[in-house]
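These notes concern the structure reproduced below.
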């Protein structure tokens, strides 16, 4: 049988944007900046609070399992709901200013998914042998599987998922709260940071990507770790050469919070042959071919 | 443009460099705006190449090393100066529209150079172009395009024009006839000077505004302690005494690597604009690679340099990008040789970066970028060969 886990939530990624070099620490010529008092930008995609640099009045970071679906489409009541979803090994959007991929096609590298709650654990890498930066045609082919399929403008889907149909309205409310914080603050660095954020949110161009989603579909074929002592999955997930498939979108980019929203699914073959070979290639039609 | 980049790279970035939070924000804004001017200057360079190509001319990428006297045009020399009131004064003077009040000189009077005069002998020899303002120079160029019959002037092939959008906010204008030549010149003047009564957004207005803001922040040391006109060795084409020879071993290595990557970027640009049979795809990858090497190698190396010592005595100040050309810049006449030389440059640059990871971990990132640029060029050429 196949079991599907749905997960969603806000993630943080503090990354400089074009035309800054991708490792720019403060953000200069792009529209994303570290404000005074914050550590340098590091580009790491964080789905859980550890390591994040939260900004005041912004969404809480946490991507968790929402629900489980059985093959017949029915939801499955499960203690797995609420499990934390993480990407391990400091993954980054690796477009490298178009050297690796154009805007909207950036691969997330490395890709190592973990879902855990108590003694329950699902952990699998995309691949065990891919080198990054790619050095061979095989590496480039694998990297292509990690790329997004481009940007889809979908404010409706984002609004339904996040409850935010107008980032401008959220920013007006947040700016009012920051104004109040500014009036109350006597710390020079904090005041400079608050002013910077208020100024950035006053420019509507900075909200332009909120309604866009990047679509990913990634087969996980690397080493798998499974710990399910209470048999919450109802069976044993296939590992070995049988891939798990995760498809998800990242969107709702809020550059003030340096957060986006992620909604996705993990398909687990439980005592089942799993996905047909080539499924990833079929899903990669819209991905950019650099090679 | 190089003087603008030197100043932009010299700015302080972190609170631990003795700046307040407000000043950090100001500096970020100023650097962003100067880098924006630089991007537009790159577009001007491409558009000037198109102007030259349209009339059968050859784009030029050679130039003397810094410092250089500015002859009759400016009351100062061309120097690599850290960001300061004096640097901004010069930048405003470079972009000053005719009829506007010249900027107030900086507190330290700049050095004046001797007057250069040329004697005319034969009419076939071009007259020296006399101008006090950049806008005047471009208006004289436009006059040349207007006065020579189109059928005699536009002998360059139309397919040689570079017409791509290089990136956001950076577009190269195509030149194929008198009308498009005039539009190209107007575009360059407009971005540099603005128009009478409306200078907003021009390079002139940008530098004027930054200078006003800087002067409001009295006592604010905005730049790192960068030396003036740094260089790694003596050059016969350099005039003036205001130079600083870098002697710290690692700084010299990094500055030489910067110059090598700078030359590699020039090779890409020269091959793009002086093409001798490169395919459409090859020109595309040269354009992309030139942009990428500037952003993902030159800028990071320049930033690293501004935090390295110029000499072994910290009191002497920090190094900076030297923009040196060690020999006359030239491009092979043969396409295959051009690419071979470019590959060799990139392979060598990757090796040098890897050897400098101990100096700054950022060199691993730069080595990755250069290696990937090399792979992309090779892959694009391989794809072209199969078409």
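The values are calculated or read from the model by the stated rules, or taken from the named source; none is laboratory data. Since the structure is predicted, the reported quantities are computational estimates derived from the model, not experimental observations. Note: ideal-geometry Cβ built from the backbone for every residue, glycine included; neighbour counts use all protein chains shown.
Below are the figures for this structure:
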item	result
Total residues in segment B:358-387, condition more than 14 Å from chain A (Cβ to nearest Cβ) and either in contact with a helix residue (DSSP H, G or I) (Cβ under 6 Å, 6 or more places away or on another chain) or touching a residue at least 24 places away in the same chain (Cβ under 8 Å) (or both)	2
Conditions (1) at pLDDT below 95; (2) under 21 Å from the mean Cα position of the chain (by Cα); number of the one not met by residue B:219	(2)
Residue A:73 vs. criteria within 14 Å of another protein chain (Cβ to nearest Cβ), free of Cβ contacts under 8 Å to residues at least 24 places away in the same chain and over 15 Å from the mean Cα position of the chain (by Cα)	no
Residue within segment B:5-27 that is within 13 Å of chain A (Cβ to nearest Cβ), in a helix (DSSP H, G or I) and closer than 15 Å to residue B:173 by Cα present	no
Flag for residue B:352 being assigned to a helix (DSSP H, G or I), more than 14 Å from chain A (Cβ to nearest Cβ) and either within 24 Å of residue B:223 (Cβ to Cβ) or modelled with pLDDT of 95 or more (or both)	yes
Matching residues, segment A:202-211, being in contact (Cβ under 8 Å) with a residue 60 or more places away in the chain and either in contact with a helix residue (DSSP H, G or I) (Cβ under 9 Å, 6 or more places away or on another chain) or buried (at least 18 other Cβ atoms within 10 Å of the Cβ) (or both)	A:206
Scan of segment B:28-49 for residues that are away from every other protein chain (no Cβ under 11 Å) and either out of contact with any helix residue (DSSP H, G or I) (no Cβ under 6 Å at 6 or more places or on another chain) or at positive phi (or both), ordered by number	B:41, B:43, B:45, B:46, B:48
Unique match (being at pLDDT below 90, outside the structural domain of residue B:329 (by TED's automatic domain parsing) and buried (at least 17 other Cβ atoms within 10 Å of the Cβ)) among B:116, B:74, B:131	B:74
Positions within segment A:23-36 being within 8 Å of chain B (Cβ to nearest Cβ) and either in contact with a strand residue (DSSP E or B) (Cβ under 7 Å, 6 or more places away or on another chain) or modelled with pLDDT of 95 or more (or both), in sequence order	A:23, A:25, A:26, A:27, A:28, A:33, A:35, A:36
Residue list for segment A:174-201, filter: away from every other protein chain (no Cβ under 14 Å) and in contact (Cβ under 8 Å) with a residue 12 or more places away in the chain	A:174, A:175, A:177, A:178, A:179, A:181, A:201
Listing of strands (runs of 3 or more DSSP E) fully contained in segment A:222-291 that carry 1 or more residues being at pLDDT 90 or above and in contact with a helix residue (DSSP H, G or I) (Cβ under 6 Å, 6 or more places away or on another chain)	A:244-254, A:259-269
Test: residue in segment B:270-282 that is in contact (Cβ under 8 Å) with a residue 60 or more places away in the chain and closer than 17 Å to residue B:6 by Cβ	no
The listed residue being over 14 Å from residue A:219 (Cα atoms), touching a strand residue (DSSP E or B) at 6+ places or on another chain (Cβ under 9 Å) and either crowded, with 18+ Cβ neighbours inside 10 Å or within 13 Å of chain B (Cβ to nearest Cβ) (or both), out of A:111, A:126, A:105	A:105
Which numbered condition residue A:39 fails, given (1) within 21 Å of residue A:200 (Cβ to Cβ); (2) under 13 Å from the mean Cα position of the chain (by Cα); (3) within 14 Å of chain B (Cβ to nearest Cβ)	(2)
Which numbered condition residue A:3 misses (of (1) over 20 Å from the mean Cα position of the chain (by Cα); (2) crowded, with 18+ Cβ neighbours inside 10 Å; (3) within 14 Å of chain B (Cβ to nearest Cβ))	(3)
Conditions (1) modelled with pLDDT under 95; (2) out of contact with any helix residue (DSSP H, G or I) (no Cβ under 8 Å at 6 or more places or on another chain); number of the one not met by residue B:167	(2)
Per-region count, segment A:1-56, residues on the phi > 0 side of the Ramachandran plot and in a strand (DSSP E or B)	1
Lone qualifier among A:19, A:49, A:54 - being surrounded by fewer than 20 Cβ atoms within 10 Å (Cβ to Cβ), in contact with a strand residue (DSSP E or B) (Cβ under 9 Å, 6 or more places away or on another chain) and in contact (Cβ under 8 Å) with a residue 24 or more places away in the chain	A:54
Residue within segment A:206-215 that is in contact with a strand residue (DSSP E or B) (Cβ under 8 Å, 6 or more places away or on another chain), part of a loop (DSSP other than H, G, I, E, B) and more than 14 Å from chain B (Cβ to nearest Cβ) present	yes
Some residue of segment B:333-347 being farther than 30 Å from residue B:16 by Cα, assigned by TED's automatic domain parsing to the domain that holds residue B:254 and in a loop (DSSP other than H, G, I, E, B)	yes
Test set (1) within 30 Å of residue A:110 (Cα to Cα); (2) within 24 Å of the chain's Cα centre (by Cα); (3) loosely packed, with under 14 Cβ neighbours inside 10 Å - residue A:168 fails condition number	(1)
